[in-house]
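Visitor: Let me give you the structure first, and then I'll get to my questions.
Just so you know, all these numbers are worked out from the coordinates, no wet-lab data involved. If you're wondering where the values come from, they're calculated on a predicted model, not measured in any experiment. Cβ sites come from the backbone with ideal geometry, for glycine too, and all protein chains shown count toward neighbours.
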Amino acid sequence: MDMEPYKHDQRCPVCGSKAKVRDLTERDAYYIECDDCGTFELNDMICSGDISEKYRLRSCLYYYFRQNKDAFSTRKIVPQITDIEPGKEADLTRFYLVYLKEVSVQSLLQLFPQNISDRIAMIMVNLGNKVKYFGNTFSIEYNKDEPSYYPLFFLDENYGAETIKTQFDEMLRILKGHHLIAESNSNLSCYKYKLTLEGWALIEGYQKSKQNLPQGFTAMWFADEMKPAQFAIAKIVQECGYMPLSIDLKEHNDQIVPEILFEIRRSEFVVADMTGHRGGVYYEAGYAEGLGKPVIYCCREDDFKNMHFDLKQKSTIIWKDEVDLQERLKKRIEATVGKRQTS
Ligand SMILES: [Zn+2]
């Protein structure tokens, strides 16, 4: 069984709900407005399913969009999902009165659960989002509805596309067996489930313990001369198992927009490159420190003399060139937040 076709029937390529889908031929991308996932731009390659990790990726997208919810209605910056590796330049232009922030496929895949207990918890979070309230049910009509639930279940195509249905059935059996979901008014052709008290408690516990995404936010000066450093940082953050994210403020006249604070709040750590000594970067680093997030300070050697006195006391990576920055940043991330194991 394959992902549902959507291209011209106006369905969200991630969750399958009805959505407004605009074909942006000039950008090789789709601009999607889905009531459940929010607004986002998706690179054509991903939409056409022409990538090897489509089930994993679709699950990661599904989960990622639902962690975005509180910023939904007012957001001016929407994720642009690309298959461009960090270190390459994406086309982040202003579009439909929104700004785009680049999130790469490789980076999103870091969200895929690393062990069975995370996987079960994340599936339950998805199911909780789906049924929304205590007592509500979700129903699966036999041999018909299963594929629409696949994105909720973190199925892994690395075991072969033919195993997807088996994985799904087994996971459903496990959830039932552990009393996280219970059948409710099922009949022969249609299963109805509701989440049990244990199920809701698991969701609550997981959400309390995992308030962050495995994300490393970069605050820096977005001048052209800093591009190589920006890419170097993104590359290392990803190599360490985290999702790199930076939001270029040039278009906003260097104003701190709410989206940036939101992204810092849900990051594991922040890399703050002080080169250029922009007020915004100092502000973002201070904001992150105030939240108790690890902040890794960096500064290009020739500009360190201009660093604000208070911050000169901090242990800072004073780098000569991008190669130097990469090597030392990698060691620093490993020493402070640790390298994440990825599946
Ligand atoms: Zn959707």
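Visitor: Using Cα pairs under 8 angstrom and six or more residues apart, how large is the relative contact order of the stretch 212-337, in percent?
Guide: The normalised contact order for the stretch 212-337 reaches 29 percent.
Visitor: Net charge near Lys330, counting Lys/Arg +1 and Asp/Glu -1 over other residues with Cβ under 12 Å of its Cβ?
Guide: Taking every Cβ under 12 Å from that of Lys330, the sum is +1.
Visitor: Given R₀ = 51 Å, what would the calculated FRET efficiency be for Leu197 paired with Arg27, taking r from the Cβ atoms and rounding to 0.05?
Guide: 0.60
Visitor: Give me D for the stretch 165-324 in µm² s⁻¹, whole number, from Stokes-Einstein with Rh from the Kirkwood sum over alpha-carbon pairs, 37 °C and 0.692 mPa s.
Guide: It comes out at roughly 176 µm²/s.
Visitor: Quick check on the exposure proxy: order Ser209, Ser184 from fewest to most C-beta atoms within 10 angstrom.
Guide: Ser209, Ser184
Visitor: Using a Gaussian network model of the chain with C-alpha springs under 10 Å, which one of Leu127, Leu291, Leu108 is most mobile by mean-square fluctuation?
Guide: Of Leu127, Leu291, Leu108, the most mobile in the Gaussian network model is Leu291.
Visitor: Cα centroids of the stretch 262-304 and the stretch 131-171: how far apart, whole angstrom?
Guide: 41
Visitor: Order these by the 10 Å Cβ neighbour count, fewest first: Met124, Met307.
Guide: Least to most surrounded, the residues fall as Met307, Met124.
Visitor: Please say if the stretch 118-239 is rounded, prolate or oblate, where rounded means a/c under 1.5 for a ≥ b ≥ c the square roots of the C-alpha gyration tensor eigenvalues, and otherwise the choice is prolate for a/b larger than b/c and oblate otherwise?
Guide: On the way: a/c = 3.14, a/b = 2.02, b/c = 1.56.
Verdict is prolate for the stretch 118-239.
Visitor: Return a whole-number percent for the relative contact order of the chain, with Cα pairs under 8 Å and 6 or more residues apart as the contact set.
Guide: Reported as a whole number, the value is 13 percent.
Visitor: In whole Å, largest first, what are the principal axis extents of the Cα atoms in the chain?
Guide: 74, 44, 36
Visitor: Also, quick follow-up: Hey, fewest Cβ within 10 Å first, where do Phe134, Phe168, Phe40 land in order?
Guide: Listing Phe134, Phe168, Phe40 from fewest to most nearby Cβ atoms yields Phe134, Phe168, Phe40.
Visitor: Figure the gain on full extension for Gln114 and His308 (residue separation times 0.36 nm, minus the Cα-Cα span) and round it to one decimal in nm.
Guide: The Gln114-His308 span can extend by a further 65.8 nm.
Visitor: Okay, next question. Excluding the sites themselves, what is the longest stretch of the chain that contains no trypsin sites (Lys or Arg not before Pro) in a DSSP loop with at most 11 other C-beta atoms within 10 Å?
Guide: Working: sites that count: Arg94, Lys132, Lys144, Lys320.
Free of exposed loop sites, the longest segment is 145-319.
Visitor: Taking only C-alpha pairs under 8 Å that are 6+ residues apart, what is the relative contact order of the stretch 116-209 in percent? Intermediate results must be reported in sequence, preceding the final value.
Guide: Values: 92 pairs, mean separation 33.9, N = 94.
Contact order relative to length: 36 percent.
Visitor: Under 12 Å from the Cβ of Ala288, count the other residues' Cβ atoms, weight Lys and Arg +1, Asp and Glu -1, and hand me the total.
Guide: Spelling it out: positives minus negatives among the neighbours equals -1.
Visitor: Okay, next question. Given R₀ = 45 Å, FRET efficiency for Ser184-Leu291 by Cβ-Cβ distance, to 0.05? Numbers along the way, then the final one.
Guide: On the way: r = 41 Å, r/R0 = 0.91.
With a Förster radius of 45 Å, E is 0.65.
Visitor: Hey, another quick one. Given R₀ = 30 Å, FRET efficiency for Thr166-Lys330 by Cβ-Cβ distance, to 0.05?
Guide: The computed FRET efficiency comes out at 0.15.
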